[in-house]
Amino acid sequence: MTLLSDENLAQLSRLQLNARQIVEGFLIGLHKSPYHGFSVEFADHRQYNPGESLKNVDWKIVARTGRYYVKRYEEETNLRCYTLIDHSKSMFYSSGEISKIEYAKKLAAALSWLMIAQKDAAGLITFNNKITSNLSPKAFRSYTAQIFSRLVQLKAEESTDILSPLHQIAESIKKRSLIVLISDLMEDEEKIIQAFKHFRNHRHELLVFHIYDPKEQSLEFKRETQFIDSETGEKITVNPWQIRVDYRQRYDSFYKALKESCHQLQVEYNPVPIDQDISELLLKYLIKRKKGL
């Protein structure tokens with residue numbers, strides 16, 4: 001394993017603390033919401049088998065019905081979650097205090113922490129125009145250290161190529177799993193949908209967090225501005241107010257088409273501005289799923 005620098009260690013410590021705080025905030029919000037009933041551990045009941053330990057017997061059911069049932073926990077459901085995070089150069093853009101990649105890291109860390117807290121198996125795959133690392137899903141709390149270590153070491157590398165690495169990943173995951181993709185999706189819409197179809201054809205559940213900086217959407221720049229393509233280095237100087245209307249129309253059209261395509265594929269699509277609170281994001285997503293939207 002690559003040794004971490006002092007800066008990496010400091011980032012790792014902050015990331016661990018941040019993930020724990022986000023998940024704790026999420027669970028508090030969940031408890032306060034009208035959609036409680038979700039448990040980080042308990043799943044349901046199953047019939048007691050003679051000879052088993054009595055520690056998980058639900059004695060309330062025994063008293064009420066005279067029948068023996070044991071509590072079944074999430075670890076018995078064997079959910080496998082792969083978080084896929086894009087670290088191509090465009091993900092390192094920021095117009096404010098936080099970049100897209102920093103937000104993506106925090107979200108990936110919180111999701112991993114939450115999954116493992118539920119006794120589910122969490123893994124991490126990083127990519128740009130190729131797969132750069134692959135940590136298989138495991139359900140041990142200590143495993144978060146490896147996931148977080150990989151996250152803090154992510155560098156801005158290469159250009160985006162959704163199609164090639166995602167096809168490889170979809171082909172390599174043999175068991176049906178939950179796939180969580182975190183990316184700014186700076187790619188041709190047809191290529192994005194082709195990759196999504198591959199996951200769905202293999203019966204994986206696909207959850208997409210489409211990360212964007214609010215200024216990428218609004219183009220709210222006040223003066224003549226030079227824009228630099230973070231992946232090609234190409235430069236262009238424009239007056240934003242002269243192209244803003246056309247830019248927004250194209251931007252909104254891309255989002256609308258992508259959202260509609262995901263709906264048809266039964267892909268959970270979530271556009272996420274990087275100024276959105278992550279614990280609120282997780283809570284809204286869970287409420288959405290519980291309402292069956």
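Here, each number is a calculation from the coordinates, and none is a lab measurement. Everything numeric in this text was worked out from a predicted model, so none of it was measured. Positions of Cβ are generated from backbone atoms using ideal geometry, with glycine treated the same way; all protein chains shown enter the neighbour counts.
Could you check the spin-label model distance between residue 172 and residue 65? Points 7 Å from the Cα along Cα→Cβ, value in nm.
In this crude spin-label approximation the distance works out to 4.4 nm.
Amide H to amide H under 5 Å from residue 83: which residues, 5+ apart in sequence or cross-chain, H placed 1.01 Å off N in plane?
For residue 83, the qualifying residues are 123, 124, 125, 180.
How far apart, in nanometres, would the label points at residue 250 and residue 13 be if each is projected 7 angstrom from Cα along the Cα-to-Cβ direction?
Label-label distance for residue 250 and residue 13, simple model: 4.6 nm.
Residue by residue, what Karplus-based ³J(HN,Hα) values in Hz, rounded to whole numbers, does the range 246-255 have, using 6.51, -1.76 and 1.60 with θ = phi - 60° and x for Gly and Pro?
With coefficients 6.51, -1.76 and 1.60, one gets 5, 4, 5, 4, 5, 4, 5, 5, 4, 4 Hz.
Could you give the length gained on full extension between residue 49 and residue 188, defined as 0.36 nm per residue of separation minus the Cα-Cα distance, in nm?
Gain on stretching residue 49 to residue 188: 44.6 nm.
Going down the list 100/175; 106/174; 71/105; 106/284; 155/259; 106/138, which pairs span over 23 Å between their C-alpha atoms? Kindly include the intermediate steps, with their values, before the conclusion.
Working: 100/175 30 Å; 106/174 28 Å; 71/105 35 Å; 106/284 17 Å; 155/259 29 Å; 106/138 19 Å.
Checking Cα-Cα distances, 100/175; 106/174; 71/105; 155/259 exceed 23 Å.
For residue 93, list long-range residues whose amide hydrogen, built 1.01 Å from N in the peptide plane, is under 5 Å from its own amide hydrogen.
100, 101
Calculate one ³J(HN,Hα) per residue across the range 143-153 by plugging θ = phi - 60° into the Karplus curve 6.51 cos²θ - 1.76 cosθ + 1.60, and present them in order as whole Hz with x for glycine and proline.
5, 4, 4, 5, 5, 5, 4, 5, 4, 5, 8
Measure off 7 Å from each Cα along the Cα-to-Cβ vector at residue 235 and residue 98, then give the distance between these two points in nanometres to one decimal.
Rounded to a tenth, the inter-label distance reads 3.1 nm.
List the residues whose amide H sits under 5 Å from the amide H of residue 212, counting only those 5 or more places along or on another chain, with H placed 1.01 Å from N in the peptide plane.
Result for residue 212 returns 272, 274.
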